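Data first, discussion second: the structure below is written as structure tokens.
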């Protein structure tokens, strides 16, 4: 019994350490850049030996892949919940835009890394990310299609509108400042209103 308990404790500790490494790596990739961040930088920040880091991840690229997946997976989970909860396409689209903005600016900053580091992934890892990205875009596309059928939205070009929404949301990482004049909540509120109540007004 004690041996089994110790094994579970060690497994839990390993998972926690792995999660810590992913978060630290994400922070350094955002602040220093992927190319400028070494495995030693990450190990030093976590407080482990560089060799111990390779126990969890075989390469820096594998670690980057985990960081990017952590970001898109978290967004997908919340987006799916929003999609299922809100029946009105207009209200659903507003909430999807709001969570996208809030994830980029506050509670899911690993999502930012995919925007400028995806080309550093291997083709296999890149393809895996694109599948998940397409699932997220599908939620936006289906919401727009449903809104047009329900006469909540005008008959817009679906593909171009989805790209425009993503462009507006993702571009904020180029200018958003944590201590700037606009809070994440205000940006989320403003962009969702601009898109849903202005661009897509009936």
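The values are calculated or read from the model by the stated rules, or taken from the named source; none is laboratory data. What you are looking at is a predicted structure, and each value in this text was computed from that prediction instead of being measured. Note that each Cβ is placed from the backbone with ideal geometry, even for glycine, and that neighbours are counted across all protein chains shown.
Can you report the number of residues in region 63-94 which are in contact (Cβ under 8 Å) with a residue 24 or more places away in the chain and out of contact with any helix residue (DSSP H, G or I) (no Cβ under 8 Å at 6 or more places or on another chain)?
Looking only at that region, the number is 1.
Quick test for you: out of 98, 145, pick the one residue that is in contact (Cβ under 8 Å) with a residue 12 or more places away in the chain and within 16 Å of residue 76 (Cβ to Cβ). Full working, then the answer.
Working: 145 fails: within 16 Å of residue 76 (Cβ to Cβ).
So the residue among 98, 145 that is in contact (Cβ under 8 Å) with a residue 12 or more places away in the chain and within 16 Å of residue 76 (Cβ to Cβ) is 98.
Go through region 34-66 and give me each residue that's surrounded by 13 or more Cβ atoms within 10 Å (Cβ to Cβ) and closer than 18 Å to residue 109 by Cβ.
Of everything in region 34-66, those that are surrounded by 13 or more Cβ atoms within 10 Å (Cβ to Cβ) and closer than 18 Å to residue 109 by Cβ turn out to be 34, 37, 41, 42, 45, 46, 63, 64, 65, 66.
What tally of residues in region 79-98 results from selecting those that are at pLDDT below 95 and either closer than 24 Å to residue 37 by Cα or surrounded by 18 or more Cβ atoms within 10 Å (Cβ to Cβ) (or both)?
0
Checking residue 38 against (1) under 25 Å from residue 185 (Cα atoms); (2) out of contact with any helix residue (DSSP H, G or I) (no Cβ under 6 Å at 6 or more places or on another chain): exactly one of these is not met. Which one?
Here residue 38 clears every test but (1).
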